[in-house]
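Nothing in this text is a laboratory measurement; each read-out follows from the coordinates by a stated rule. In this text, all values refer to a predicted model and were calculated from it rather than measured experimentally. For neighbour counting, all protein chains shown are included, and Cβ atoms are generated from backbone atoms with ideal geometry for every residue, glycine included.
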Amino acid sequence: MAPKPIKGINPFRGQDILSVKQFDRENLRYLFGLAEEMRIIVERVGHSNLLQGKVMASLFYEPSTRTSSSFIAAMSRLGGAVIPINEVVYSSVTKGESLPDTVRTLESYADVIVLRHPEVGSAAVAAHYCEKPIINAGDGVGEHPTQALLDLFTIEEDHNRVDGLSVAMVGDLKYGRTVHSLTRLLSLYNVKFYFVSPEILRMPPELIEEVKQKGLEYEELEDVSQVIDKADVLYVTRVQKERFTDLAQYDAVKDYYVITPEIMKRAKQTMTVMHPLPRVGEISYAVDADPRASYFRQMKNGMYVRMALLTAVLGRA
Ligand code: ASP
């Protein structure tokens, strides 16, 4: 079932947010404008009552730090309330309750459900059974649309543009849902892609096909040093250990890339280094002090973008 395209005056009102395929440049502009307003609200007064009386259920079947806490913080700063269900260990899911029954329960209490689940397509399944909007907070190796939104918002903020940039995605391009969503979202712009990964972790063929269909330039490589002086954005990812069935394969690739201050010397002065986090060694801590390290800006922006999305989806924008 294809997710609905997002159109109209407040194009997000009442919509499920399942895939970045729902976005276009126009509705992104609307959302990012709203996110800028959210930043001003937080910086000036810390909170507002835009979502007073609204309830968000936060249903996480997989671990999360940034996504879950920034959604909860977003809702709290807008005066709304949260039903937090983390890793579903204390819920009836451990008694064998199905996803459809769980979301049908939560929609009786909440106005919107934020869902993270290990299976690709789970958010679409949940949306099928649920009248209230579902926001996909990661469906296995599928997509992570809200991460891509905050990534794009940060790229635009750091570079003042998106068109014309060269973006290198590095690491686990096979299992990394963040790079899947970000590649799709960036394909709305005129960007050049460098997909840098070990052979066994290459970008899935369907995503390469989508990039080709858009007529965008891309290269697939194995060595970061071939692109470090060309990239405007270096988007580094963790090798997704939890997706491997053979841990020997994971061990073989886990330390493939480490971005160090030494490597950074060859990068453009304007290049930014991004990472969805958590990092487990791919970016050395010594890079954190480099002004080109953008991953802390990225996580902060996550809350503003999620505040904007919740406000829009709940029809209070
Ligand atoms: N936090 C991101 C995700 O949930 C990235 C990662 O886990 O590596 O996909």
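Taking the range 64-85 and a reference point 7 angstrom along Cα→Cβ of residue 105, the backbone N atoms nearer than 18 Å belong to 82-85. Here the scattering of the chain is modelled by Debye summation over its C-alpha atoms, one equal scatterer each and no solvent; at q = 0.09 Å⁻¹ the log10 of I(q)/I(0) is -0.44.
With charges only on Cβ, +1 for K and R and -1 for D and E, what is the dipole size of the chain about its Cα centre, in debye, rounded to 20?
Numbers: 37 positive and 41 negative charges, 189 e Å.
The dipole magnitude comes to about 920 debye.
Distance between the pseudo-spin-label points of residue 217 and residue 92 (7 Å out from Cα toward the beta carbon): 5.6 nm.
Would you mind classifying the range 220-317 by shape? Square roots of the alpha carbon gyration tensor eigenvalues, ordered a ≥ b ≥ c; an a/c under 1.5 is rounded, otherwise it is prolate if a/b is larger than b/c and oblate if not. All intermediate terms of the calculation are to be shown ahead of the outcome.
Numbers: a/c = 2.39, a/b = 1.34, b/c = 1.78.
Oblate.
Rounded to the nearest 20 debye, the dipole magnitude of the range 70-194 is 100 debye, with +1 charges on Lys and Arg beta carbons, -1 on Asp and Glu beta carbons, and the Cα centre as origin. Each of 254, 132 was scored by other Cβ atoms within 10 Å of its Cβ. Arranged with the fewest first, they read 254, 132.
Would you mind classifying the range 125-207 by shape? Square roots of the alpha carbon gyration tensor eigenvalues, ordered a ≥ b ≥ c; an a/c under 1.5 is rounded, otherwise it is prolate if a/b is larger than b/c and oblate if not.
Values: a/c = 2.55, a/b = 1.31, b/c = 1.95.
Oblate shape, in that a/c is at least 1.5 and b/c is the bigger or equal ratio.
Rounded to the nearest 500, the helix-only mean residue ellipticity at 222 nm of the chain stands at -11000 deg cm²/dmol, with each DSSP H run of n ≥ 4 adding -39,500 (n - 2.57).
Look at the alpha carbon pairs under 8 Å that are at least 6 residues apart: their mean separation over the length of the range 140-190 gives a relative contact order of 58 percent. Straight-line cross-link partners of residue 54 among the aspartates and glutamates, defined as a Cα under 15 Å from its Cα and at least 8 positions apart when in the same chain: 107, 111.
Among 120, 280, sorting on how many other beta-carbon atoms sit within 10 Å of each Cβ, with the fewest leading, yields 280, 120. Backbone geometry of the range 21-34 corresponds, through the Karplus equation with coefficients 6.51, -1.76 and 1.60 at θ = phi - 60°, to 3J(HN,Hα) couplings of 4, 7, 8, 9, 4, 6, 6, 5, 4, 4, 5, 6, x, 5 Hz, x marking Gly and Pro. A simple packing score, the average count of other Cβ atoms within 10 Å per residue, orders the peptides 164-175, 13-24, 260-271 as 164-175, 13-24, 260-271, with the highest score first.
Which residues in the range 179-205 place their backbone N less than 11 Å from a point set 7 Å from the Cα of residue 120 along the Cα-to-Cβ direction? Residues passing the 11 Å test: 204-205. Largest GNM mean-square fluctuation among 281, 176, 96, using the chain with Cα springs under 10 Å: 96.
Which shape class, rounded, prolate or oblate, goes with the range 161-304 when its Cα gyration tensor gives a ≥ b ≥ c as root eigenvalues, a/c under 1.5 marks rounded, and past that a/b bigger than b/c marks prolate?
Values: a/c = 1.39, a/b = 1.01, b/c = 1.37.
Because its axes are fairly even, with a/c under 1.5, the range 161-304 counts as rounded.
Computed on the range 158-317, with alpha-carbon pairs under 8 angstrom and 6+ residues apart, the relative contact order is 22 percent. In this structure, the residue pairs whose Cα-Cα separation is over 25 Å, taken from 212/265; 174/212; 174/254; 21/174, are 212/265. In this simple spin-label approximation, residue 280 and residue 69 carry label points 7 Å from Cα along the Cα→Cβ vector, and these lie 1.9 nm apart. Working note: Debye formula, equal point scatterers on the alpha-carbon atoms of the range 1-149, no solvent; log10 I(q)/I(0) at q = 0.14, 0.16, 0.18 Å⁻¹ is -0.68, -0.89, -1.14.
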